[in-house]
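Participant: Pasting a structure below so you can have a look.
The values are calculated or read from the model by the stated rules, or taken from the named source; none is laboratory data. These numbers were taken from a predicted model, which means no experiment stands behind them. As a convention, Cβ positions derive from the backbone with ideal geometry for all residues, glycine included, and neighbour counts pool all protein chains shown. With ligands, DNA and RNA removed, areas are computed over all heavy atoms of the protein, side chains included. Shrake-Rupley method; radii C 1.70, N 1.55, O 1.52, S 1.80 Å.
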Amino acid sequence: MNVRIAQYALAAVLVRLADEGARVALALLALQRSGSAAVGGWLVAALLVPHVVAAPVVGLLTDRARRPRLVICAGTAVFGTALAAAAAGTGHLPTPAVVAVLLVGGCGGPALTGGLSSQLPALVSPAALPRAFGLDSLTYNGSGILGPAAAAVTSGLAGPAVATYALAGSALTGAAAIAVLSTRDAPTRSSATRAPRPSPLAGMRVMLADRTLFAVTAATSLSQLGAGALPVVAAVLAHHRHHTAAAGWLMTSLAAGGLLGSLAWSWRPASPARATTVVLGGLIASALPLAAAAGCSALPVTAILFAVSGLLGGPAIGALLTVRDRHAPAGLRGQVFTLGAGAKITAAAGGAALAGTLANLPDPAQLLAVAGFPLLGGALGATLLSLPARPAPRGRQACRCTVDSVS
C-alpha cells in the first residue's frame with residue numbers, strides 16, 4: 001500500500017466513523033436532554049435529508065476546483081462543526097435552531113461519501129483503481145460497524161454529548177488529513193480542470209444518458225429502500241422474540257459479512273468490464289439469505305443468514321465505485337460520485353420511513369419485503385441494460401475517449 005492510499009484510508013475512516021456514529025449519538029443525546037425520541041429523529045433526519053439536494057452542488061464545486069481536496073475538506077469541516085454545535089445546543093437551544101445547524105452540516109455530507117471517493121483516481125494508477133475502490137468500500141463497511149459501536153460505548157461511559165463531540169473531532173481531524181492529501185501525481189486532474197467548466201446539471205444529464213450509470217444507480221437506489229428499512233425490521237423482529245439486544249447483533253452480523261465481502265473484492269477484484277455484473281449479481285445474491293431468514297425462528301441462524309447476505313453483497317460496493325469511475329467523464333467525476341451516493345442515502349432514509357408502514361405485518365412478511373428491494377433492484381438493472389442502446393449524442397464519443405484514457 002503506497003503512502004497516499006494509506007493517508008486516504010485514514011482520512012476516509014475518520015470522516016465516515018463520524019458520519020455513521022453521529023446517527024446514534026444524536027438520537028441518544030436527544031433522549032438524554034429532551035426525553036423525546038421524536039427530537040432524535042428530527043436531528044438525524046436533518047443530517048441525512050440534505051444529501052440529495054447538496055450532492056449536485058458538492059460535486060459541481062469539486063469538479064470545478066483547481067484543488068478538489070480542499071472542497072472535500074471544507075464540506076467535512078462544516079459537517080464536523082455542525083456536530084459540535086449540536087452537542088452544545090441540544091436541550092439548551094430551541095430544537096428548530098439545532099435542526100437548522102444540522103441541515104447546514106448535512107450539506108457537507110456528500111463530501112464524506114461520493115466526493116471523497118471521487119478523488120481516488122488522482123491517487124493511484126488506472127490499473128490499481130479496482131483494488132483501491134475495494135479498500136474504499138472497506139472504509140464504508142468498517143465505519144458502519146465501528147461508528148455506531150463507538151458512539152454507543154462512549155455514550156454509555158461518558159455521555160452522549162461527549163460521544164458527539166468525539167465524533168465531531170474525528171470529522172475535523174479527517175478534514176485536516178484530506179487537506180494535506182497529495183494528488184500531485186495525477187496529471188489527469190490538472191488537464192480536467194483546464195477543460196471548459198461543467199454546468200450544474202451536466203452530471204445529472206450524464207447519469208441519465210449513460211445506460212450503465214443509470215442502470216446501476218436505479219438498481220442500487222431501489223435496493224437501499226430495503227437497506228434503510230432493515231434496522232427497523234431487525235429491531236421489531238428482536239422485540240417480538242423477546243431479545244431486544246439481538247437487533248444490534250443482527251445488524252453487526254450484516255456489516256461484518258459486508259466487510260468480508262469488501263475484503264474479497266479488494267484482494268481479488270474483478271476486471272472493470274465485469275464490475276456492472278458484480279453490482280447487479282451482488283444485489284440479487286444478498287437478497288436470498290434475507291428471504292431465507294423469513295422462514296427461520298432461531299435468532300443465531302438468522303444472524304448467520306444476515307452475515308451471509310452481507311458477504312454476498314459486500315463486493316458490490318467496490319464494483320459500484322469502479323462502474324462510476326469507468327463511465328464518468330473526467331470533468332464530471334465529482335458530480336457523478338456525489339449524485340450516486342446522494343441517491344442511495346436518500347433512498348435509505350425513505351426505506352427507514354417505509355419500515356414504519358411494515359411494522360404491523362408478520363415478521364416473515366417484513367423480511368420478505370426487505371429482501372424484495374435488492375432482488376427487484378438487481379432485476380431492474382439487468383432489464384435496463386438489456387434494452388436497446390440509444391444513439392450517443394454528437395460529441396459524446398469525444399467525451400468517452402477522455403474517460404477511457406484515464407479509467
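Participant: Please tell me if Leu288 is surrounded by fewer than 24 Cβ atoms within 10 Å (Cβ to Cβ) and touching a residue at least 40 places away in the same chain (Cβ under 8 Å).
Facilitator: When the stated conditions are applied, Leu288 passes them.
Participant: Please work out which residue is modelled with the highest pLDDT, limiting yourself to the range 291-302 and to residues that are within 19 Å of His239 (Cα to Cα) and open to solvent by 50 Å² or more (accessible area, probe 1.4 Å). Steps first, answer last, please.
Facilitator: Looking only at the range 291-302, we keep the residues that are within 19 Å of His239 (Cα to Cα), and these are 293-302.
Of the ones still in play, those that are also open to solvent by 50 Å² or more (accessible area, probe 1.4 Å) are 295, 297, 300-301.
On the way: Gly295: 88, Ser297: 80, Pro300: 88, Val301: 91.
So the residue we want is Val301.
Participant: State the number of residues belonging to the range 221-239 that are modelled with pLDDT of 85 or more and open to solvent by 10 Å² or more (accessible area, probe 1.4 Å).
Facilitator: 6
Participant: Would you call Ala86 surrounded by fewer than 20 Cβ atoms within 10 Å (Cβ to Cβ), in a helix (DSSP H, G or I) and modelled with pLDDT of 85 or more?
Facilitator: no
Participant: So, Thr346, is that one at pLDDT below 95, within 26 Å of Arg211 (Cα to Cα) and open to solvent by 30 Å² or more (accessible area, probe 1.4 Å) or not?
Facilitator: Yes, satisfied.
Participant: Listed residues Ala111, Ala100; which is open to solvent by 10 Å² or more (accessible area, probe 1.4 Å) and either part of a helix (DSSP H, G or I) or under 27 Å from Gly41 (Cβ atoms) (or both)?
Facilitator: None of the other options fit; the residue is Ala100.
Participant: For a quick check of your reading of the model, give me the residue pairs whose first member lies in the range 254-275 and is of a type in the set (Gly, Ala, Ser), whose second is open to solvent by less than 50 Å² (accessible area, probe 1.4 Å) and not in a helix (DSSP H, G or I), with beta-carbon atoms closer than 8 Å and at least 6 apart or on different chains.
Facilitator: Between residues of the range 254-275 that are of a type in the set (Gly, Ala, Ser) and residues that are open to solvent by less than 50 Å² (accessible area, probe 1.4 Å) and not in a helix (DSSP H, G or I), the close pairs are Gly257/Gly314; Gly258/Gly314; Gly261/Gly314; Ser262/Gly314; Ala264/Gly314.
Participant: For the range 240-261, indicate whether the set of residues that are open to solvent by 50 Å² or more (accessible area, probe 1.4 Å) and closer than 18 Å to Ala215 by Cβ is non-empty.
Facilitator: No, that holds for no residue.
Participant: Then there is this: Just the residues that are open to solvent by less than 60 Å² (accessible area, probe 1.4 Å) and within 24 Å of Leu263 (Cα to Cα), please, taken from the range 142-169.
Facilitator: If the condition is that a residue be open to solvent by less than 60 Å² (accessible area, probe 1.4 Å) and within 24 Å of Leu263 (Cα to Cα), then Gly142, Ser143, Gly144, Ile145, Gly147, Pro148, Ala149, Ala150 are the ones that fit.
Participant: Does Leu61 meet the test of being open to solvent by 10 Å² or more (accessible area, probe 1.4 Å) and touching a Ser or Thr at 6+ places or on another chain (Cβ under 6 Å)?
Facilitator: It is false that Leu61 is open to solvent by 10 Å² or more (accessible area, probe 1.4 Å) and touching a Ser or Thr at 6+ places or on another chain (Cβ under 6 Å).
Participant: Of the conditions (1) outside any helix (DSSP H, G or I); (2) open to solvent by less than 40 Å² (accessible area, probe 1.4 Å); (3) aliphatic (A, V, I, L, M), Ala341 satisfies every one except a single condition; which number is it?
Facilitator: If we test Ala341 against (1) outside any helix (DSSP H, G or I); (2) open to solvent by less than 40 Å² (accessible area, probe 1.4 Å); (3) aliphatic (A, V, I, L, M), just (1) comes out false.
Participant: For residues that are in contact with a Phe, Trp or Tyr (Cβ under 7 Å, 6 or more places away or on another chain) and in a helix (DSSP H, G or I), scanning just the range 114-123, find the one that is surrounded by the fewest Cβ atoms within 10 Å (Cβ to Cβ).
Facilitator: Selected residue: Leu120.
Participant: Let me ask another. Of the numbered conditions (1) open to solvent by 40 Å² or more (accessible area, probe 1.4 Å); (2) under 22 Å from Ala132 (Cβ atoms), Ala275 fails exactly one; give the number of that condition.
Facilitator: (1)
Participant: Given the structure, is Ser266 open to solvent by less than 10 Å² (accessible area, probe 1.4 Å) and hydroxyl-bearing (Ser, Thr, Tyr)? Give the steps one after another, and end with the answer.
Facilitator: On the way: open to solvent by less than 10 Å² (accessible area, probe 1.4 Å): no; hydroxyl-bearing (Ser, Thr, Tyr): yes.
It is false that Ser266 is open to solvent by less than 10 Å² (accessible area, probe 1.4 Å) and hydroxyl-bearing (Ser, Thr, Tyr).
Participant: Six or more apart or on different chains, Cβ atoms under 7 Å: show the pairs whose first residue is in the range 78-105 and free of Cβ contacts under 8 Å to residues at least 40 places away in the same chain and closer than 13 Å to Arg33 by Cα and whose second is open to solvent by less than 40 Å² (accessible area, probe 1.4 Å) and among the aliphatic types (A, V, I, L, M).
Facilitator: Gly89/Val98
Participant: Could you tell me which of the residues Thr139, Thr164, Thr154 is under 21 Å from the mean Cα position of the chain (by Cα), at pLDDT 85 or above and more than 21 Å from Tyr8 (Cα to Cα)?
Facilitator: Answer to the check: Thr164.
Participant: What about Leu181, is it open to solvent by less than 10 Å² (accessible area, probe 1.4 Å) and in a loop (DSSP other than H, G, I, E, B)?
Facilitator: Numbers: open to solvent by less than 10 Å² (accessible area, probe 1.4 Å): yes; in a loop (DSSP other than H, G, I, E, B): yes.
Yes.
Participant: OK, next. Quick one: which of Leu47, Leu31 is in contact with a Gly (Cβ under 8 Å, 6 or more places away or on another chain) and either part of a loop (DSSP other than H, G, I, E, B) or modelled with pLDDT of 85 or more (or both)?
Facilitator: Answer to the selection: Leu47.
Participant: Select, from Ala307, Ala319, the only residue that is closer than 22 Å to Thr252 by Cα and part of a helix (DSSP H, G or I).
Facilitator: Only one candidate passes the filter, namely Ala307.
Participant: Let me ask something additional. Of everything in the range 14-39 that's within 21 Å of the chain's Cα centre (by Cα) and open to solvent by less than 30 Å² (accessible area, probe 1.4 Å), which residue is nearest to Tyr140 (Cα to Cα)?
Facilitator: Arg16
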